[in-house]
1. P(r) tail for the range 36-191, what percent of Cα pairs lie past 18 Å?
2. With respect to the cross-link table entries K47/K171; K53/K77; K77/K137, which display a Cα-Cα separation exceeding 18 Å?
3. Which number comes out as Rg/Rh for the range 1-119 once both Rg and the Kirkwood Rh are worked out on C-alpha atoms?
4. Residue by residue through the range 10-20, what is 3J(HN,Hα) from phi via Karplus (6.51 cos²θ - 1.76 cosθ + 1.60, θ = phi - 60°)? Round to whole Hz and write x for glycine and proline.
5. Out of the total accessible area of the range 33-191 (probe 1.4 Å, heavy atoms of protein only), what percent is carbon and sulfur?
6. Based on the Cα coordinates of the range 85-135, what is the per residue volume of their convex hull in Å³?
7. At 1.4 Å probe size, with every protein chain present, just tell me what the per residue accessible area of the chain comes to in Å².
8. Counting only residues 5 or more places away or on other chains, whose amide H sits under 5 Å from the amide H of S8 once H atoms are built in the peptide plane?
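The values are calculated or read from the model by the stated rules, or taken from the named source; none is laboratory data. Bear in mind the structure is a predicted one, so any value in this text is a computation, not a measurement. For the accessible areas, the whole protein counts, side chains as well, though only heavy atoms, and no ligand, DNA or RNA atoms are used. Shrake-Rupley method; radii C 1.70, N 1.55, O 1.52, S 1.80 Å.
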Amino acid sequence: MISICDISELISGTPQFRIAEDLSGSAPTYFFYSQSDLEDDLSGVGKQDIARKQIRTFDEVITTSVGDVVFSLLSGKAAIVQKDHDGLLLTQNYVRLVPLDVLNADYLVYLLNEDQSIRHQLRISQQGSITMKYTLKQLRELRFPVLPSLERQQLIGETYLNQLKLDTLRKRAAELETALVLGKIKEAVQL
């Protein structure tokens, strides 16, 4: 087994309570990365824009970049940041994972979300906890199986993310089809 710290750097998001808000309006504006953003990034299919929480500050904060692996300490899920979520502020509820050269980012997301050994470690670390939030310490203690070749990692990771995207597109198509049929039924009833 391999420690996550041996294959990836972990960077905790900025603690919200430590950010000094600038009320003058002259500081840069940062929009917060949310659980909804993570779900969109994981599905690979963006949603419509929603109202975002924002803050103006001159403080140095941790922000997202396209291609970052982000792990939610709230849900225990990981995703790769997509173009729509570039430059968003990461709070203390998220950890950026920077894979070293031996680890493919897509494969890391697959392992964190689907590998039974890792999911088991996360569940075990939650036992006896009143809150269901994970901690950076729990993440640092994760042990990974021996890694396959980078080529195999890439294939597994890409296949996993493509399947999630396909599932999301199928669900959206089914929802649109249902709405269309219900609309036609409504029209028929009114005739």
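1. Above the 18 Å cut-off, the range 36-191 has 66 percent of its Cα pairs.
2. Going by Cα-Cα distance, K53/K77 fall outside the 18 Å limit.
3. Across the range 1-119, the Cα-based Rg/Rh ratio is 1.00.
4. With coefficients 6.51, -1.76 and 1.60, one gets 10, 10, 6, x, 6, x, 4, 5, 9, 7, 8 Hz.
5. On the range 33-191, the fraction of accessible area on carbon and sulfur atoms equals 55 percent.
6. Each residue corresponds to 114 Å³ of Cα convex hull volume.
7. Ligands and nucleic acids excluded, the result is 59 Å² per residue.
8. L100
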